[in-house]
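Notes follow once the structure below has been shown.
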Amino acid sequence: MSSYSYEELCERVANAIAGQIKIKSDSCLGLPTGHTPLGVYRYLSEWSRQGRIDWSKARCFALDDYLGTSEENTFHYYLEKNLYSHTNIRPEHKFNPCHTDDYDRLIAEQGGLDLTILGIGGNGHIAFNEPGTIAASWTHCTFLNQSTRVANQDSFGELAHVPTRGLTMGLATILQSRWIILMANGEKKKTIVENAFRGPVTTDLPASLLQKHPRTDVWTDFSLDFSFPAESPALV
Ligand code: GLP
């Protein structure tokens, strides 16, 4: 189905986030890290500097973070640098699983996630829910797969410095979000996205559980021979 350039994909996701905040100023947003959303944060930062988005009531929840790394390698730092510092979000509305004992309760107390943006790992992980994570998982500590550590080693210089553990929203946490957008960029993600949304629903491929979610959109910058969700049949 139709595909976008990386810039168009990012602008579309950024628009969805900005629109969500416009419709509901105190929206709770689940936010990813990694390479994929960097363009989204560039758009949001620019629009925020121009005064076009008011983050004063919005709540942002990092999907996950590393355990046992230096401050500048944390996802909290990543979000601060690439998004928060360009917005008027209040410090007490920036949430991270490493900063609280009960992330799920915190999310619930804030009203529940309205919109969660996800990337996808090469092995089908979402946040740090690696293959084999149970569907009924809430926020938890996890060991990172070797392939995840290899994929994320850029900012650490060498593999030995990549943490072995992370804290992550669980699959149940994510599936409770009212709206989910999974974004993927680069042909290297094509097969895993196809397997996740055309293949069986299995915890061996965590993103496939999103097939059961009532409102998940899959947006990519490569072409797929299907849409997710499937396009509604034409009205006759
Ligand atoms: C990381 C993050 C995920 C992210 C994924 C893909 O491990 N925990 O939230 O979606 O990897 O990252 P990238 O966008 O760099 O491919």
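The values are calculated or read from the model by the stated rules, or taken from the named source; none is laboratory data. No experiment lies behind these values; they were computed from the predicted model shown. Please note: Cβ atoms are built from the backbone with ideal geometry, for glycine as well, and neighbour counts cover all protein chains shown. Heads up: the accessible areas ignore ligands, DNA and RNA and are worked out on the full protein's heavy atoms, side chains in. Shrake-Rupley method; radii C 1.70, N 1.55, O 1.52, S 1.80 Å.
If a residue has to be part of a strand (DSSP E or B) and of a type in the set (A, V, I, L, M, F, W, C) to count, how many in region 112-160 make the cut?
Residues meeting the conditions: 6.
In region 133-148, how many residues are touching a residue at least 60 places away in the same chain (Cβ under 8 Å) and open to solvent by 50 Å² or more (accessible area, probe 1.4 Å)?
Going through region 133-148 one residue at a time, the tally reaches 2.
Out of all the residues in region 76-87, which are within 14 Å of the ligand (Cβ to nearest atom) and open to solvent by less than 20 Å² (accessible area, probe 1.4 Å)?
Leu79
I'm told Leu118 meets every condition in (1) closer than 24 Å to Lys57 by Cα; (2) near the ligand (Cβ under 10 Å from one of its atoms); (3) open to solvent by 10 Å² or more (accessible area, probe 1.4 Å) except one. Can you identify the failing condition by its number?
If we test Leu118 against (1) closer than 24 Å to Lys57 by Cα; (2) near the ligand (Cβ under 10 Å from one of its atoms); (3) open to solvent by 10 Å² or more (accessible area, probe 1.4 Å), just (3) comes out false.
Search region 9-42 for residues being small (Gly, Ala, Ser) and open to solvent by 10 Å² or more (accessible area, probe 1.4 Å), and hand back the single one that is farthest from Phe222 (Cα to Cα).
It comes out as Ser25.
Yes/no per residue for (1) of a type in the set (S, T, N, Q); (2) in contact (Cβ under 8 Å) with a residue 60 or more places away in the chain; (3) within 12 Å of the ligand (Cβ to nearest atom):
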residue: Thr36; (1), (2), (3): yes, yes, yes
residue: Arg49; (1), (2), (3): no, no, no
residue: Trp55; (1), (2), (3): no, no, no
residue: Phe61; (1), (2), (3): no, yes, no
residue: Tyr66; (1), (2), (3): no, yes, yes
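Find the residue count for region 61-73, including only residues that are more than 11 Å from Pro32 (Cβ to Cβ) and touching a strand residue (DSSP E or B) at 6+ places or on another chain (Cβ under 6 Å).
Here the count works out to 3.
Please state which one of Asp225, Asp217 is more than 26 Å from Phe61 (Cβ to Cβ), away from the ligand (no atom under 13 Å from the Cβ) and surrounded by fewer than 20 Cβ atoms within 10 Å (Cβ to Cβ).
Testing whether each residue is more than 26 Å from Phe61 (Cβ to Cβ), away from the ligand (no atom under 13 Å from the Cβ) and surrounded by fewer than 20 Cβ atoms within 10 Å (Cβ to Cβ) leaves just Asp225.
Restricting the search to region 195-208, which residues are assigned to a helix (DSSP H, G or I) and open to solvent by 50 Å² or more (accessible area, probe 1.4 Å)?
Asn195, Arg198
Which one of Leu167, Leu175, Leu159 is modelled with pLDDT of 95 or more, open to solvent by 30 Å² or more (accessible area, probe 1.4 Å), in contact with a Cys (Cβ under 6 Å, 6 or more places away or on another chain) and on the phi < 0 side of the Ramachandran plot?
Of the residues listed, the single one that is modelled with pLDDT of 95 or more, open to solvent by 30 Å² or more (accessible area, probe 1.4 Å), in contact with a Cys (Cβ under 6 Å, 6 or more places away or on another chain) and on the phi < 0 side of the Ramachandran plot is Leu167.
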